[in-house]
Amino acid sequence: MQECGILVVMESKGYIERELSEPIKDRLFNGKAVILLGPRQSGKTTLVKKVLQQTGESYLLLNADEPDVRELLDAPTSTRLRNIIGQNRICCIDEAQRVPNVGLTLKLFTDEIPEVQVMATGSSSLELNSSISEPLTGRKFEFVLHPLSFGELSRHCGLLQERRYLEHRLVYGTYPEIVTAQGNEEELIKLLADSYLFKDLLSLNGIKKPALLEKIVRALAFQLGSEVSFNEIAQLTGASSHTIEKYVDLLEKCYVVFQLPAYSRNRRNEIKKGRKIYFWDNGVRNAVIGNFLPPPSRTDTGVLWENYLVSERAKLLDFSLVDAGSYFWRTTQQQEIDYVQELDGKLKAFEFKWNPGKAKGKFPSTFINAYPNAQTSVVTPENYDRFLLEM
């Protein structure tokens, strides 16, 4: 097996099996490219290396961060690609967004060299998708690898042990390097946040004001759990609401944040166009505001709890390849439900309570009357594992 410009992945007993491993293997050699997206340091290279080893096939793993690899793949012909591949059955291009016109390269693989399985990873969906969306229409399987999920960690170290780490996860998040760190989590998450928040984002042509980007990220971090107004953030930062919307879109495409829209079926008094914005990782959010105090010493523990649950639920849905609708619910009278999920015509509503003693379990009568068939549940630290392991 050949490796060119590859970061060596160490074999260890501590490897945490990723949920996407089997779905990716199931889609190999089906005549389509396999694309793995996700933020830097989420474990894409490690996952791909494991999958390649488990196939038993010969493979070529190319790291497009290396200049000579980019040069090798720039504007190739199918004949040149065959020479590059040699006798290998699988070719994977790591950090493929670095390769100019990589979409056409991947298209050549799928159309002209169908006997070879081509794979690609990328840390920016904006850069990679803009290159591959048109050339690979109907020619790709696409996956997104987020930081480690509650399910993955529970299966690795046991449910009881993972539950004991709850407060640690609320503060430092679940990036693989952070999970395996011993005593230097704060330093590592600061480095990681600075690296992918600003290095990847500032490399995009759409980012012209780094200071403004930092202000926007901090504003979103402090508004966690609240309905977000682009106009309000514009006033706080001195930018236009259009600029705020553009920067938030870039933050989404680089897997820093994601939006949760308001749930409405045009019932009277329901908020219809609202949005909440959550961070994919609690540790990154805390790094942005510079607060790593433990939950008992914080005033924002409730919103940390909410961000953790919503982001982990989003991972559960993504890793399970389930297309469910996720929302929050609110009325003009400020009645609210933290999380609403719609799947296969069934509606489920959840309230998040960090303090079980205050978990009354009472849902607004307005919602109950409007959606009498909806299942309702209160999620607390005593029962949260069910919310993060079951649909």
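The values are calculated or read from the model by the stated rules, or taken from the named source; none is laboratory data. What you see is a predicted model; the values in this text were computed from it and never measured. Note that each Cβ is placed from the backbone with ideal geometry, even for glycine, and that neighbours are counted across all protein chains shown.
A few points about this structure:
- Hits in region 26-63 (condition: surrounded by 22 or more Cβ atoms within 10 Å (Cβ to Cβ) and of a type in the set (Gly, Ala, Ser)): ALA33, GLY38, SER42, GLY43
Residues checked against (1) assigned to a helix (DSSP H, G or I); (2) modelled with pLDDT of 85 or more; (3) on the phi > 0 side of the Ramachandran plot:
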{"site": "PHE143", "(1), (2), (3)": "no, yes, no"}
{"site": "HIS146", "(1), (2), (3)": "no, yes, no"}
{"site": "LEU153", "(1), (2), (3)": "yes, yes, no"}
{"site": "GLN161", "(1), (2), (3)": "yes, yes, no"}
{"site": "HIS168", "(1), (2), (3)": "yes, yes, no"}
{"site": "THR174", "(1), (2), (3)": "no, yes, no"}
{"site": "LYS190", "(1), (2), (3)": "yes, yes, no"}
{"site": "TYR196", "(1), (2), (3)": "yes, no, no"}
{"site": "LEU201", "(1), (2), (3)": "yes, no, no"}
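- In this entry, GLN87 passes the filter for residues that are modelled with pLDDT of 90 or more and over 24 Å from the mean Cα position of the chain (by Cα).
- Set side by side, the residues GLY31, GLY38 differ, and just one is at pLDDT below 95 and in contact with a strand residue (DSSP E or B) (Cβ under 7 Å, 6 or more places away or on another chain), which is GLY38.
- 3 or more residues surrounded by 17 or more Cβ atoms within 10 Å (Cβ to Cβ) and modelled with pLDDT of 95 or more: qualifying helices (runs of 4 or more DSSP H) within region 217-331: 282-289, 301-319
- Region 264-317, residues that are among the acidic types (Asp, Glu) and touching a helix residue (DSSP H, G or I) at 6+ places or on another chain (Cβ under 6 Å): GLU312
- For LYS208, the criteria (1) at positive phi; (2) modelled with pLDDT under 85 hold in every case but one, which is (1).
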